[in-house]
Amino acid sequence: MAEIPDGAKGWPDIAGRIEGSVHILPVRVYFEDTDFSGLVYHASYLRFCERGRSDFVRLLGIHHRELIDAQGGGEPAAFVVRHMDIDFLKPARIDDILEVVTACEEIGGATLTLVQKVMRGPALLVRIRVKVVLVSQSGKPMRLGVLVRSALERFLNQES
C-alpha cells in the first residue's frame, strides 16, 4: 500500500466509503461530463458507475491489478460487463455533486449483479443494474474465488 504524504492525511478517501451494505462514491460533474444542452451526457453516467464498481471492489481488498497480474498464482483475469439495464430518471448539471451508490444484489458462479444509483442529495437520477463476469485472459468465464466471494457475501440481501 502506498504511503500517504503528510499533507494528504486529512483528505477524504478518493475511493469513496462503505456505509452498511453499500459503497458510496462522491462525483463532481465537470464541463467534460456534459453535452451541448448543459446536462450530463448519458455515457458520463456509465463512467461514474464504472468508477463506483471499481472502487467498491477495491475497498473490499479485490484489486484489479492483482487479478490481471495473476498474483496469488491463478490465471490472469478481469471483470467485464455482461449486461446492463439503465433508467435515466432526472438530469444532472455542471458543478452538481453526485453520489454513486453501489450494492451487491447477487453472486453467481462467475458473475456479480450490482445495483447502482446515481443520487443528487435525496433525488434519484439514474438507476443501473449491471451484471459483470470474471473472465480469463482468453475471454472464458472463471469461477469467483474465495476471496471475491467472501468479500461480497456480507453485502447480499441487504436493503440499500
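The values are calculated or read from the model by the stated rules, or taken from the named source; none is laboratory data. Small disclaimer: the values here were computed from a predicted structure and weren't measured. Every residue, glycine as well, gets a Cβ built from its backbone with ideal geometry; the counts of neighbours run over all protein chains shown.
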Open item on the list: Yes or no: region 95-109 includes at least one residue that is more than 18 Å from the chain's Cα centre (by Cα) and modelled with pLDDT of 95 or more.
Closed with: yes
TODO: Quick one: count up the residues across region 26-67 that are touching a helix residue (DSSP H, G or I) at 6+ places or on another chain (Cβ under 9 Å) and in a strand (DSSP E or B).
DONE: 3
TODO: Sort out for me the strands (runs of 3 or more DSSP E) sitting completely within region 68-156 that have 1 or more residues that are surrounded by 13 or more Cβ atoms within 10 Å (Cβ to Cβ) and touching a Cys at 6+ places or on another chain (Cβ under 7 Å).
DONE: 97-107, 111-120, 123-136
TODO: Return the pairs, sorted by first residue and then second, in which the second residue is assigned to a strand (DSSP E or B) and at pLDDT 90 or above, the first residue lies in region 11-24 and is under 12 Å from Leu59 (Cα atoms) and of a type in the set (Gly, Ala, Ser), the beta carbons are less than 6 Å apart, and the residues are 6+ apart or on different chains.
DONE: Gly16/His23; Gly16/Ile24; Gly16/Leu25
Task: Number of the condition not met by Val80 [criteria: (1) farther than 14 Å from Cys49 by Cα; (2) among the β-branched types (Val, Ile, Thr); (3) within 19 Å of the chain's Cα centre (by Cα)] - done: (1)
